[in-house]
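Each remark here refers to the structure printed beneath this line.
The values are calculated or read from the model by the stated rules, or taken from the named source; none is laboratory data. What you see is a predicted model; the values in this text were computed from it and never measured. Cβ placement follows ideal geometry from the backbone for every residue including glycine, while neighbour counts extend to all protein chains displayed. Side chains included, ligands, DNA and RNA excluded: accessible areas come from the protein's heavy atoms. Shrake-Rupley method; radii C 1.70, N 1.55, O 1.52, S 1.80 Å.
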Amino acid sequence: MSTETLDTVSPAEETGLLSRSGVLRRLMRDKVAAVAGLSLTLIVLAAVFAPVVAPYDPYLTDLTKVMQPPSAEHWFGTDNTGRDILSRVLFGTRNTLMLGLIGVIIGGFLGGVLGILAAYYPRADGWIMRLVDVMLAFPAILIGLAVAAIFGAGLTAVVIALVVATVPDVARVARGSAVGVMGQEFMEAGRAVGVSDRTLIWRYLTLNCISTIFVFLTLRFGQIILIGSALGFLGMGAQPPTAELGMMAAQGRDFLFMAPHIATIPSFAIFVIVLAANLLGDAFRDVLDPRLQQ
């Protein structure tokens with residue numbers, strides 16, 4: 001029997017378009033998911049177009065307008081150097097989302113590769129999963145401190161910490177999903193007719209695990225944003241005057257009793273982003289997980 005005999009469409013490709021064609025429609029039926037998705041979309045759009053939307057230069061100081069409360073002129077008030085907080089929140093959201101997205105994409109890719117390879121190659125499984133266990137032993141905060149000590153505090157330290165925090169969890173999820181796929185008949189049939197490892201890993205294994213990995217990453221995104229903001233709050237992320245929500249909240253803690261809006265508004269922005277991401281992630285899980293649809 002030649003490999004052409006198995007030149008059919010894998011289950012992931014057969015049902016992929018059909019199963020996802022109604023994802024948006026099913027999400028819109030969930031009012032909570034619709035509100036969360038709309039909120040997150042508006043936040044992302046505001047962050048992307050921050051240079052256009054921001055009413056003031058986020059780095060322009062005005063010592064005549066220090067720590068002003070929210071008003072018609074400055075909707076979110078001003079900080080301790082007279083900078084417009086609304087403008088800084090828009091630019092800070094941009095940086096915070098960028099850090100979270102980079103951490104999730106790179107960490108998700110590396111973790112997915114490790115998990116799938118561990119499931120496909122039993123001899124490498126033990127070594128890969130022990131590496132994952134070692135990575136899990138180091139909290140993201142500790143990784144950020146170590147990277148900041150070596151390379152100096154900055155966005156690079158946060159990105160590395162977020163990637164290291166994402167890889168082991170994604171690897172475990174990817175391996176668990178891939179192990180289930182490895183037991184399916186089409187994988188055994190592919191090996192029997194001599195389909196290459198590359199084809200089996202990508203077309204028949206990876207494509208059947210993508211939905212599970214994607215759902216986990218949507219759930220993980222809010223946590224990554226929170227970790228990145230925590231690192232910024234501790235001074236290991238963006239450095240002044242760069243706007244970043246965690247760092248802005250840290251700068252405002254010295255003025256909590258005189259001007260609480262300086263710290264509470266960036267903190268509330270983090271809360272809204274994380275809440276919207278978590279709610280949308282839960283909705284994606286409910287829609288894409290076949291076990292929850294039964």
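For this structure, a couple of remarks:
- Looking only at residues in the stretch 52-67 that are assigned to a loop (DSSP other than H, G, I, E, B) and without any contact (Cβ under 8 Å) to a residue 40 or more places away in the chain, the one that is surrounded by the most Cβ atoms within 10 Å (Cβ to Cβ) is ALA54.
- Among the residues making up the stretch 89-107, those that are surrounded by 21 or more Cβ atoms within 10 Å (Cβ to Cβ) and aliphatic (A, V, I, L, M) are VAL89, LEU90, LEU97, LEU99, VAL104.
- Hits in the stretch 229-252 - residues which are part of a helix (DSSP H, G or I) and within 21 Å of ALA140 (Cβ to Cβ): SER229, ALA230, LEU231, GLY232, PHE233, LEU245, GLY246, MET247, MET248, ALA249, ALA250
- Residue that is over 28 Å from ALA54 (Cα atoms), in contact with a Lys or Arg (Cβ under 9 Å, 6 or more places away or on another chain) and open to solvent by 20 Å² or more (accessible area, probe 1.4 Å), where the choices are LEU114, LEU142, LEU110: LEU114
- Of all residues making up the stretch 7-47, the number that are at pLDDT below 70, farther than 21 Å from PHE221 by Cβ and open to solvent by 40 Å² or more (accessible area, probe 1.4 Å): 11
- For beta carbons closer than 6 Å, sequence separation of 6+ or different chains, a first residue in the stretch 24-45 that is at negative phi and a second that is open to solvent by 60 Å² or more (accessible area, probe 1.4 Å) and part of a helix (DSSP H, G or I), the qualifying pairs are VAL32/LEU279; ALA34/MET28; ALA36/LEU279.
- Restricting the stretch 231-244 to residues that are touching a residue at least 24 places away in the same chain (Cβ under 8 Å) and open to solvent by 40 Å² or more (accessible area, probe 1.4 Å) leaves a set whose member that is farthest from the chain's Cα centre (by Cα) is PRO241.
- Boolean, LEU131 is in contact with a helix residue (DSSP H, G or I) (Cβ under 8 Å, 6 or more places away or on another chain), open to solvent by 50 Å² or more (accessible area, probe 1.4 Å), more than 21 Å from GLY246 (Cβ to Cβ) and not polar (S, T, N, Q): yes
- Failed item in (1) surrounded by 20 or more Cβ atoms within 10 Å (Cβ to Cβ); (2) modelled with pLDDT under 85; (3) over 16 Å from the mean Cα position of the chain (by Cα), with MET247 passing the rest: (2)
- The residue list PHE284, PHE216 contains one member that is touching a residue at least 24 places away in the same chain (Cβ under 8 Å), touching a helix residue (DSSP H, G or I) at 6+ places or on another chain (Cβ under 7 Å) and either open to solvent by less than 30 Å² (accessible area, probe 1.4 Å) or farther than 18 Å from GLY107 by Cα (or both), which is PHE284.
- Residues of the stretch 157-188 satisfying the condition of being at pLDDT below 85 and surrounded by fewer than 22 Cβ atoms within 10 Å (Cβ to Cβ): MET182, GLY183, GLN184, GLU185, PHE186, MET187, GLU188
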